[in-house]
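Worksheet: one structure, shown below.
The values are calculated or read from the model by the stated rules, or taken from the named source; none is laboratory data. In this text the structure is predicted, and so the values were computed from the model without any measurement. Note that we place each Cβ from the backbone using ideal geometry, even for glycine, and neighbour counts take in every protein chain shown. For accessibility, only protein heavy atoms count, side chains too; no ligands or nucleic acids. Shrake-Rupley method; radii C 1.70, N 1.55, O 1.52, S 1.80 Å.
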Amino acid sequence: MTTRVIIRTLSELCVTIGTLIVLLVVYVLYWTSVRADRAMDSEIDHLQDRWATGSVAMEGARGQAAPPPYAPGASFAVMYIPRFGSDWAKPVLQGTGAETLKKGLGHYSRTARLGATGNFAVAGHRRTYGDPFKDFPALRPGDAVVLTDGTTWFTYRIDRRPYRTRPSDTGVIDPVPRASGFRRPGRYLTLTTCDPEWGHSHRLIAWAHLDATRPVTGGRPAALSG
Amino acid sequence: MYGWIWRHLPGNAWVRALISLVLVLAIVFVLFQYVFPWAEPLLPFNDVTVDEGMAGPR
């Protein structure tokens, strides 16, 4: 009798743990993306509403000399990478904290502003939370990375295939990134994500340089319509 | 364990089944809302930046 109770309890425990694991997998693979996609869409809507009301244009005109710093945790730009799909558009938020990266891509706060001289460095999830950088290894030299801050379109061009490095290799987001092949100061962009896809032993880096800018009033850049 | 719970639920089989369903849904809700968001950062999918070493352990 007791043996029966022990075996039954043990099997029930195993079934319970198995169910828990399946639920956790559903949460990580599916639910985080549902939540993140919703959050990213609302960030983009929020930005476009703000841009449509013209508050950014006025800020830009007023603060030409010293633009206000990006507010931590707030979105300030939208990124488009045609290589990842014509409908791929993600908000860029200030900071790279875990909570920030659940709502979009994160701008390393100690790196340059969008379009400025230096290195505009951005981190994003490769897997989970909407998988924004899932196709990261598909980036090739010449690929466009287009960003807008509501007043200007910035078109960056990827310069080399993604570079694999160690997590401690912070030189890759320096103003003149280490190992990038860039020699002199310029307007650069760095994207970082994890490697391997589901792991965290390495990081995958992509570098680009500013190729063209145009005012938003001039229409979408050619890289997006092509 | 589950047999013990079933025996201690009130009502006939239908009421018990209904209460069980509500209990299961409540547990799933608590897991998705509180337990998994706490456990997920312990998995490696969050490490996408290169300055963890400087920002301190997370």
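Okay, here's what the table says:
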| read-out | value |
| --- | --- |
| Which listed residue is open to solvent by less than 50 Å² (accessible area, probe 1.4 Å) and at negative phi, from A:Pro91, A:Pro175 | A:Pro91 |
| Residue count for segment A:181-213, restricted to those that are of a type outside the set (Val, Ile, Thr) and more than 14 Å from chain B (Cβ to nearest Cβ) | 14 |
| Matching residues, segment A:99-138, being more than 14 Å from every other protein chain (Cβ to nearest Cβ) and touching a Leu at 6+ places or on another chain (Cβ under 8 Å) | A:Leu114, A:Gly115, A:Phe120, A:Pro137 |
| Which numbered condition A:Ser86 misses (of (1) surrounded by 17 or more Cβ atoms within 10 Å (Cβ to Cβ); (2) within 18 Å of A:Val146 (Cα to Cα)) | (1) |
| Among (1) at pLDDT 90 or above; (2) among the hydrophobic types (A, V, I, L, M, F, W, C); (3) open to solvent by 50 Å² or more (accessible area, probe 1.4 Å) - the single one A:Ala144 does not satisfy | (3) |
| Filter pass, A:Gly218 being more than 14 Å from every other protein chain (Cβ to nearest Cβ) and more than 18 Å from the chain's Cα centre (by Cα) | yes |
| Within segment A:102-161, tally of residues that are more than 12 Å from the chain's Cα centre (by Cα), under 24 Å from A:Ser42 (Cα atoms), part of a loop (DSSP other than H, G, I, E, B) and hydrophobic (A, V, I, L, M, F, W, C) | 1 |
| Qualifying positions in segment A:162-180 - facing chain B (nearest Cβ under 8 Å) and closer than 20 Å to A:Asp143 by Cβ | A:Thr165, A:Val172, A:Ile173 |
| Extreme residue, surrounded by the fewest Cβ atoms within 10 Å (Cβ to Cβ), among residues of segment A:1-48 that are of a type in the set (Lys, Arg) and either more than 11 Å from chain B (Cβ to nearest Cβ) or within 30 Å of A:Lys103 (Cβ to Cβ) (or both) | A:Arg4 |
| Where A:Arg157 falls short, out of the listed (1) within 14 Å of chain B (Cβ to nearest Cβ); (2) touching a residue at least 12 places away in the same chain (Cβ under 8 Å); (3) closer than 16 Å to A:Tyr188 by Cα | (1) |
